[in-house]
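Presented below is the structure to which this report refers.
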Amino acid sequence: MQKFEDIIGKDFLRTDPETCHSYAVDGMIPRAVLFPGQVEEVSEIVKIACREHLSVVPWGGGTQMGKGAVPSRLDLVIGTERLNRVIDIDAGNLTVTVQAGVRLFDLQEAVAGEENRCYIPVEAGGEESDESVCSLREHRGCFVPLDVPAGNRATIGGIIAANTSGPRRLLYGLPRDVVLGVRHVAPTGEIIGMGGKTVKNVAGYDLCKMMIGSLGTLGILCEMTLRLLPLPERSGTWICAFPGLQEAAAFVDAIFARPLVPCAVEILGGEACDDLALKWTGQGEKGCFSVAAAFEGAEEAVARMKAEIEGLASEAGSLEKMYLDDDEHRRFWSSYGSRAAGFSGDQDGMVTLKLNYPISRYRDVVAFLESGWVTDNAHLASYTHAGSGVTRIHLPGEDGTKENFEKIARWTGELLSQVCAVGGNLVVEHAGPELKKHLPVWGRPRDDMKMMQWIKKAMDPEGIFSPGRFIGGM
Ligand SMILES: Cc1cc2nc3c(=O)[nH]c(=O)nc-3n(C[C@H](O)[C@H](O)[C@H](O)COP(=O)(O)OP(=O)(O)OC[C@H]3O[C@@H](n4cnc5c(N)ncnc54)[C@H](O)[C@@H]3O)c2cc1C
């Protein structure tokens with residue numbers, strides 16, 4: 001350990017049991033936790049780890065360390081919290097370059113004050129002049145279009161490594177659509193830059209994109225260049241209750257059939273309404289289907305979507321509606337995001353499954369979830385990103401008993417066959433380490449598994465980065 005102390009100093013090398021326990025990965029406790037402050041220090045640490053075959057797992061905000069299979073071994077955790085500088089904000093080019101340990105909320109704050117590029121009101125014929133330079137909209141600022149409710153803890157490196165997304169991926173896309181470039185330390189210790197500041201920045205293989213969602217298996221992301229967008233002027237959400245799935249789906253399809261650009265369209269199934277404390281007075285029997293449709297953007301566009309979507313809800317037979325404006329909208333989606341992702345306090349111990357499937361098959365998937373698939377009156381809540389082909393569900397937690405493990409494994413198996421039958425797959429996003437050993441953590445193996453194994457072998461020949469955590473036990 002002395003070699004590491006020589007690189008980062010003794011204050012940033014922790015081997016005490018308490019610290020090592022708090023950085024355990026799926027119950028596996030590291031021998032040391034290291035906090036490098038420079039990219040070059042990360043490189044030196046990894047070179048030693050590679051030479052001495054020490055396995056390494058990167059750690060950002062630690063909010064998603066449960067994703068992936070249980071590691072096959074763990075020597076070092078490398079924490080990125082000291083890699084916390086915002087390196088360059090270029091509002092003119094709508095880009096920001098930031099170190100991996102910066103938390104999303106801090107970054108959003110940093111760019112919110114940045115004036116975005118001028119916007120010339122249409123009525124000025126697009127010609128710039130003293131009078132018409134960005135009049136009302138000049139001081140709006142920018143934001144990074146990443147939808148992560150845990151932004152007060154989640155780091156940019158963790159978000160990109162976990163390919164984190166929320167309901168607003170519908171409009172803003174995934175981290176893959178936001179990342180323009182990365183600078184990372186490869187498993188050999190080399191510092192490698194991929195992509196860059198320009199939107200079109202790769203000739204050859206798009207290696208930058210390959211790092212997104214790699215979950216710390218291909219090296220440590222140290223710096224990233226991200227796309228910025230002007231902050232929306234207004235935002236709003238309609239939440240509408242429907243007697244059944246058919247009516248809710250008719251409303252959803254009607255929205256997508258219109259030239260509207262909602263930023264999120266979510267179907268809440270099962271106990272999701274109760275979990276979100278959404279109380280509908282007309283709610284007779286157990287539960288109803290709610291749809292939350294959100295929109296953000298220029299004042300006029302938001303006003304038009306507000307009016308049109310309300311009309312579509314009435315046509316589709318909505319029982320009740322509620323409208324959330326600006327701050328209410330932001331508050332709702334922050335709590336919605338946490339709950340949907342399974343990170344609200346009372347969801348500890350729950351099992352979270354993430355299903356993905358062709359967009360058009362959401363009805364089949366939601367109908368199956370509502371078909372009494374889970375027995376024993378188990379608590380089931382589902383959150384469907386309509387328009388993105390993604391549903392997250394939360395199953396009742398594990399009590400550690402063999403019967404319970406078998407029951408959850410049986411339910412997951414049934415759901416996996418169901419979702420594969422419609423051309424999809426599933427991932428276990430949250431489960432205790434013991435239960436995980438009974439579950440298909442990465443769903444059904446994919447055809448490109450061989451190619452992924454070649455890439456992993458080529459980039460991490462010693463297999464020291466996050467061994468055993470990834471698809472196919474890589
Ligand atoms: C309240 C709440 C709500 C959430 N909502 C969502 C949601 O809606 N959608 C969603 O997908 N997730 C959600 N999450 C999960 C989580 O916030 C995100 O996945 C987040 O992106 C993880 O960031 P992190 O810094 O905490 O990463 P960590 O948990 O520290 O790491 C995540 C993974 O990335 C790897 N990693 C971390 N940093 C690096 C790096 N620099 N280089 C390489 N690998 C690295 C780690 O080894 C680990 O495998 C939520 C979490 C909470 C607490």
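Once each part is reduced to its C-alpha centroid, what is the distance from the stretch 9-29 to the stretch 160-220 in angstrom?
28 Å
So for M210, M65, what's the accessible-area order with a 1.4 Å probe, most first?
Sorted by accessible area, descending: M210, M65.
Largest first and in whole Å, give the semi-axes of the stretch 234-338's equivalent ellipsoid, each being the square root of 5 times a Cα gyration tensor eigenvalue.
Working from the Cα gyration tensor, I get semi-axes of 21, 16, 11 Å.
Can you tell me the FRET efficiency between E310 and T19 if r is taken as the Cβ-Cβ distance and R0 is 56 Å, rounded to the nearest 0.05?
0.55
Using a 1.4 Å probe, how large is the accessible area of R31, given in Å² and rounded to the nearest 10?
130 Å²
Just need the relative contact order of the stretch 345-436 here, percent rounded to a whole number, with Cα pairs under 8 Å and 6+ apart.
46 percent
Just order 404-416, 146-158 by mean Cβ neighbour count inside 10 Å, highest at the front, would you?
Ranking, from highest mean packing down: 146-158, 404-416.
Straight-line reach from K354: which aspartates and glutamates fall under 15 Å, measuring Cα to Cα and dropping same-chain residues less than 8 apart?
E266, E414, E429
Where a ≥ b ≥ c are the square roots of the eigenvalues of the C-alpha gyration tensor, would you call the chain rounded, which needs a/c under 1.5, or, failing that, prolate if a/b is larger than b/c, or oblate?
The shape class here is oblate.
Mind checking the dipole of the chain: about its Cα centre, +1 per Lys or Arg Cβ, -1 per Asp or Glu Cβ, Debye to the nearest 20?
1600 debye
Going down the table (K209/K437; K436/K456; K402/K437; K67/K436), which pairs top 18 Å between alpha carbons?
Violating the 18 Å Cα-Cα cut-off are K209/K437; K436/K456.
7 Å from Cα along Cα→Cβ at both D448 and A421: what's the point-to-point distance in nm?
Placing both labels 7 Å along Cα→Cβ, they lie 2.7 nm apart.
I need to check one value: relative contact order of the stretch 226-310, counting alpha carbon pairs closer than 8 Å and at least 6 residues apart, in percent.
It rounds to 49 percent for the stretch 226-310.
State, as an integer percentage, the relative contact order of the chain based on alpha-carbon contacts under 8 Å between residues 6 or more apart.
16 percent
Going by amide H atoms built from the backbone, whose H comes under 5 Å of the H on A381, apart from near neighbours?
Here the answer is E271, H394, since their amide H atoms fall under 5 Å of that of A381.
Residue by residue through the stretch 233-242, what is 3J(HN,Hα) from phi via Karplus (6.51 cos²θ - 1.76 cosθ + 1.60, θ = phi - 60°)? Round to whole Hz and write x for glycine and proline.
Going residue by residue, I get 6, 9, 8, x, 9, 9, 10, 10, 9, 10 Hz, with x marking Gly and Pro.
Could you compute how much accessible surface L228 exposes when probed at 1.4 Å, giving the result in Å² to the nearest 10?
Taking all protein chains as shown, L228 has close to 0 Å².
Which value at 222 nm does the chain reach when only helices count, each DSSP H run of 4 or more adding -39,500 (n - 2.57), with the total divided by all residues and rounded to the nearest 500 deg cm²/dmol?
-8500 deg cm²/dmol
Pull up all non-local amide H partners of I87: gap of 5 or more, or a different chain, and H-to-H distance under 5 Å with H placed in the peptide plane.
Distant-sequence amide H within range of I87: T97, V98, Q99.
The values are calculated or read from the model by the stated rules, or taken from the named source; none is laboratory data. Only a predicted model underlies this, so the values are computations on that prediction, with no experimental measurement involved. Counting neighbours? That spans all protein chains shown, and the Cβs are built from the backbone with ideal geometry, glycine included. Side chains are part of the model used for accessible areas, which takes the heavy atoms of the whole protein and leaves out ligands, DNA and RNA. Shrake-Rupley method; radii C 1.70, N 1.55, O 1.52, S 1.80 Å.
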